[in-house]
Amino acid sequence: QVQLVESGGGLVQPGGSLRLSCAASGIAFSLNTMGWYRQAPGKERELVATITSVRTTVYADSLKGRFTISRDNAKNTVYLQMNSLKPEDTAVYYCNTYKIVPVSGGRVDYWGQGTQVTVSS
């Protein structure tokens, strides 16, 4: 089955950096679009960034220039480099991938367990 395991979260001071990792298994990793989402307390889960199989990237507008998504297909791992962190970046960060169901065209999402990022002095 599909497994997504995040790591790299923690407590960091404002202005600091963190790199999150997500190790994937049970999928043809190099062919899948991978993504990072986050959910802050009391808020809905929101898109952070995605990266396609050909390394096309999409970012939330508010995060452009501070966050960078990348992938290593040899390691079946996707990364999120987060720089100049702000208190409002505090959230649980989730790794995501999905498949499109043949014929129906429906989407099935797969999620990791999440990793907590706390930005505080």
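The values are calculated or read from the model by the stated rules, or taken from the named source; none is laboratory data. Source: prediction; values computed, not measured. Because the Cβ atoms are built from the backbone with ideal geometry, glycine has one as well, and the counts that use them run over all protein chains shown. Side chains are part of the model used for accessible areas, which takes the heavy atoms of the whole protein and leaves out ligands, DNA and RNA. Shrake-Rupley method; radii C 1.70, N 1.55, O 1.52, S 1.80 Å.
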Scalar couplings 3J(HN,Hα) for the stretch 35-51 by Karplus 6.51 cos²θ - 1.76 cosθ + 1.60 (θ = phi - 60°), nearest whole Hz, x for Gly and Pro, are x, 10, 10, 9, 9, 8, x, x, 10, 7, 5, 10, 5, 9, 6, 9, 9
Stretchable slack from residue 60 to residue 86, in nm (0.36 nm times residue separation minus alpha-carbon distance)
7.8 nm
How much accessible area per residue does the stretch 26-107 have, counting only protein heavy atoms and a probe of 1.4 Å, in square angstrom?
53
Of all accessible surface on the chain at a 1.4 Å probe, what whole percent is carbon and sulfur?
50
Please say if the stretch 46-97 is rounded, prolate or oblate, where rounded means a/c under 1.5 for a ≥ b ≥ c the square roots of the C-alpha gyration tensor eigenvalues, and otherwise the choice is prolate for a/b larger than b/c and oblate otherwise?
prolate
Quick one: Cα centre-to-centre distance for the stretch 12-64 and the stretch 72-121, in angstrom?
4
Report ³J(HN,Hα) in whole Hz for each residue of the stretch 14-21, in order, from the Karplus equation J = 6.51 cos²θ - 1.76 cosθ + 1.60 where θ = phi - 60°; Gly and Pro get x.
x, x, x, 10, 9, 10, 8, 10
Counting Lys and Arg as +1 and Asp and Glu as -1, each charge on the Cβ, what is the dipole of the chain about the Cα centre in debye, to the nearest 20?
200
How big is the Kirkwood radius of the chain, worked out from every pair of different alpha carbons and given in Å to one decimal?
14.6
